[in-house]
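Below is one structure, written out as structure tokens; the observations come after it.
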Amino acid sequence: MLETLLRPLLDPVSLWTLALLVTLFYCYRRATKRLRITIAVFLAITVIGSNAWLAARFAEPLEEFGLKNSKVAQANFYSDIPCQQYSGVIALGGVISNLDYDAKRGVSLLSGAERVTVPVQLARICPNFTLIYSSYGATKDGTIGESELAKKVWIALGLDPSRIRIENKSTNTHENAVEVAAMVGREGKWLLVTSAIHMKRAQLSFAKSGVETQPIPVDYLWSTRPPIYSFAPGLTSVSWQAAAHEYFGLIYYRFKNWI
């Protein structure tokens, strides 16, 4: 427990947040009544927002969607996947930096690299699998697209190029589903790989487009629910942002009749 309490103090973001809170508390003692109320509300929001337990609970319904809706979602059960029941893997992009790509330095994977690596793992378990990477193609300034870079990574990791297909026209989850559906049609069943917190919106989008998928969630924000006394401003800010994006995304996609 002591280690858990002390670890945030070694985090620069946590130290900065603590310094900000101390400064605001100091100002609070010398402020007018109206300013005191404003500072008190800000302090309360900051403390609550930094609580890892609350952030994890907010993200939990999204992150557990895949595990609750797929018999093959758990990583320790990948080897039990009935390969012949699936046509292959659809992986959604957003995890390879293409704008600053330099052939001399190689491909740079961002947070969520499991979207690229796990399909290779699945392809080795199931030799019959076709792998599809769905993302955007070359940008207007001529830089190479993410899908092309993903193909480079997969080939470098030993996959036969004939097993790889790329979709490089989409710019969002809805377009991922529509463009992949145009490629594969409504036949077959696919494993869908994307970040756990994004899985619900992704699978519903593919179902709407007529592509049957089973979730393989990766890139979890929270491996376990943290203690209620746990505070981590850096991690919680990422979690709040990602979860809020998905909740609003689900509302917007339902409004647009995309799911």
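So which residues in region 53-64 are part of a helix (DSSP H, G or I) and either within 8 Å of ILE197 (Cα to Cα) or not aromatic (Phe, Trp, Tyr) (or both)?
Of region 53-64, the ones part of a helix (DSSP H, G or I) are 53-63.
Answer for region 53-64, where residues must be part of a helix (DSSP H, G or I) and either within 8 Å of ILE197 (Cα to Cα) or not aromatic (Phe, Trp, Tyr) (or both): LEU54, ALA55, ALA56, ARG57, ALA59, GLU60, PRO61, LEU62, GLU63.
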| message | With the structure loaded, tell me whether GLY88 is over 17 Å from the mean Cα position of the chain (by Cα), on the phi > 0 side of the Ramachandran plot and buried (at least 16 other Cβ atoms within 10 Å of the Cβ) or whether it fails that test. | response | yes
| Tally, over region 132-157, of residues that are of a type in the set (Gly, Ala, Ser) and in contact with a helix residue (DSSP H, G or I) (Cβ under 8 Å, 6 or more places away or on another chain) | 5
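Being touching a residue at least 12 places away in the same chain (Cβ under 8 Å) and open to solvent by 90 Å² or more (accessible area, probe 1.4 Å) is the filter; apply it to region 215-228 and report the residue that is farthest from GLY49 (Cα to Cα).
Applying the first criterion (touching a residue at least 12 places away in the same chain (Cβ under 8 Å)) to region 215-228 yields 215-222, 225-228.
Applying the additional criterion that residues be open to solvent by 90 Å² or more (accessible area, probe 1.4 Å) yields 225, 228.
On the way: ARG225: 16, ILE228: 13 Å.
Once the filter is applied, the top-ranked residue is ARG225.
Can you go through LEU122, LEU149 and tell me which one is buried (at least 17 other Cβ atoms within 10 Å of the Cβ), assigned to a helix (DSSP H, G or I) and in contact (Cβ under 8 Å) with a residue 60 or more places away in the chain? Reasoning before the result, please.
Details: LEU149 fails: in contact (Cβ under 8 Å) with a residue 60 or more places away in the chain.
So the residue among LEU122, LEU149 that is buried (at least 17 other Cβ atoms within 10 Å of the Cβ), assigned to a helix (DSSP H, G or I) and in contact (Cβ under 8 Å) with a residue 60 or more places away in the chain is LEU122.
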| said: Among (1) under 15 Å from the mean Cα position of the chain (by Cα); (2) surrounded by 14 or more Cβ atoms within 10 Å (Cβ to Cβ), there is one condition ILE81 misses while meeting the rest; what is its number? | reply: (1)
| message | Test of understanding: among SER135, SER111, which residue is of a type outside the set (D, E, K, R), over 22 Å from ALA75 (Cβ atoms) and either under 18 Å from the mean Cα position of the chain (by Cα) or crowded, with 22+ Cβ neighbours inside 10 Å (or both)? | response | SER135
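The values are calculated or read from the model by the stated rules, or taken from the named source; none is laboratory data. None of the values given here were measured: they were computed from a predicted structure. All Cβ positions, glycine included, derive from the backbone under ideal geometry; neighbour counts span all protein chains shown. Surface areas here come from the heavy atoms of the whole protein model, side chains and all, with no ligands, DNA or RNA. Shrake-Rupley method; radii C 1.70, N 1.55, O 1.52, S 1.80 Å.
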